[in-house]
Amino acid sequence: MGVTPKIAPSMLSSDFANLASEAKRMLDFGADWLHMDIMDGHFVPNLTIGAPVIESLRKHTKAYLDCHLMVTNPIDYVEPLGKAGASGFTFHVEISKDNWQELIQRIKSKGMRPGVALKPGTPIEEVYPLVDSENPVEMVLVMTVEPGFGGQKFMPEMMDKVRVLRKKYPSLDIEVDGGLGPSTIDMAASAGANCIVAGSSVFGAPEPAAAISLMRNSVLENQEKC
Ligand code: DX5
Ligand code: ZN
């Protein structure tokens, strides 16, 4: 398999008042990406951060900022997030049925990597056109909890979506988000996920570096079995 493991601590579980040092701490612990949950209080019942915070954090780190847009109007965020220094821009398929082509094109034109996310109730087939397009998304994020909050329970039944996706697209970045940690990583990795978001399990671990390396090893070991 040509995909590399990317372990992405979700900064939603960090101390937002110390975001720069929390980010540095995670990178020192071996994180590959930093997962940034952008919520508008409308698409999901929670409100977090936006472009100004990404811009502030960017001044402190060169890390890949993997932005997950849980917002109703992602197109309005492309320009500000591009300027702020976001790296990945993952929008939800549920609210982009009419404009995903324009979204992908604009995200790329701002130098970001486009991804598409789907909620637990959304069938996997809905993302196929976006991956098969001439101008495709470069990552699919399979939500393994209802988006909105950290610390929820992993939904193992979502692994069918990951398996189907991995079979169809052997070299696609497939991300899972929600309830991932040392006790659930093997289910996700054996289904074919390679980008792993983990919030509470990493920030709450006695040794976050050990949790990160355990998850990376699980992805690598499962790839060897393929
Ligand atoms: C949930 C967010 C997640 C969340 C994951 O809507 O998209 O990124 O922070 O947190 P844990 O790993 O605690 O489930
Ligand atoms: Zn997320």
### Set 24/153; 108/153; 24/83; 62/168; 62/161 screened for pairs whose C-alpha atoms are more than 30 Å apart
108/153; 62/168; 62/161
### Task
Mind checking region 1-72 for trypsin sites (Lys or Arg not before Pro) that DSSP puts in a loop (not H, G, I, E or B) and that have at most 14 other Cβ atoms within 10 Å?
59, 62
### Task
Kindly report the accessible area of the chain per residue (heavy atoms of protein chains, probe 1.4 Å, no ligands, DNA or RNA), in Å².
43
#### Entry: Debye-sum result for region 1-46 in log10 I(q)/I(0), which assumes one identical scatterer on each alpha carbon, at q = 0.26, 0.34 Å⁻¹
-0.92, -1.21
### Task
Using +1 at the Cβ of each Lys and Arg and -1 at the Cβ of each Asp and Glu in the chain, identify which of 56, 75, 39 lies farthest towards the dipole's positive end.
56
### Message
Given the options 128, 215, 144, identify the residue whose Cα lies farthest towards the positive end of the charge dipole of the chain (+1 on Cβ of Lys, Arg; -1 on Cβ of Asp, Glu).
### Response
215
### Task
Quantify, in whole percent, the carbon and sulfur part of the accessible surface of the chain (1.4 Å probe; protein heavy atoms only).
52
### Relative contact order (%) - region 162-226, alpha-carbon pairs under 8 angstrom, separation at least six
34
## Note on the structure
With DSSP loop assignment and no more than 13 other C-beta atoms within 10 Å, the trypsin sites (Lys or Arg not before Pro) in region 109-200 are 153
### Percent of beta bridges antiparallel (DSSP, the chain, rounded to nearest 5)
5
### Task
Return the calculated 222 nm mean residue ellipticity for the chain, to the nearest 500 deg cm²/dmol, obtained by summing -39500 (n - 2.57) across DSSP H runs with n ≥ 4 and dividing by the residue count.
-10500 deg cm²/dmol
### Task
In whole Å, largest first, what are the principal axis extents of the Cα atoms in region 6-224?
45, 39, 29
#### Entry: Unit charges on C-beta of K, R, D, E only; dipole of the chain, Debye
420
### Area of residue 21 that stays accessible when all protein chains are in place (1.4 Å probe, Å², to 10)
70
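The values are calculated or read from the model by the stated rules, or taken from the named source; none is laboratory data. All values derive from a computational prediction rather than experimental measurement. Cβ: placed from backbone, ideal geometry, glycine included. Neighbour counts: every protein chain shown. Ligands, DNA and RNA are excluded from the accessible area calculation, which covers all protein heavy atoms including side chains. Shrake-Rupley method; radii C 1.70, N 1.55, O 1.52, S 1.80 Å.
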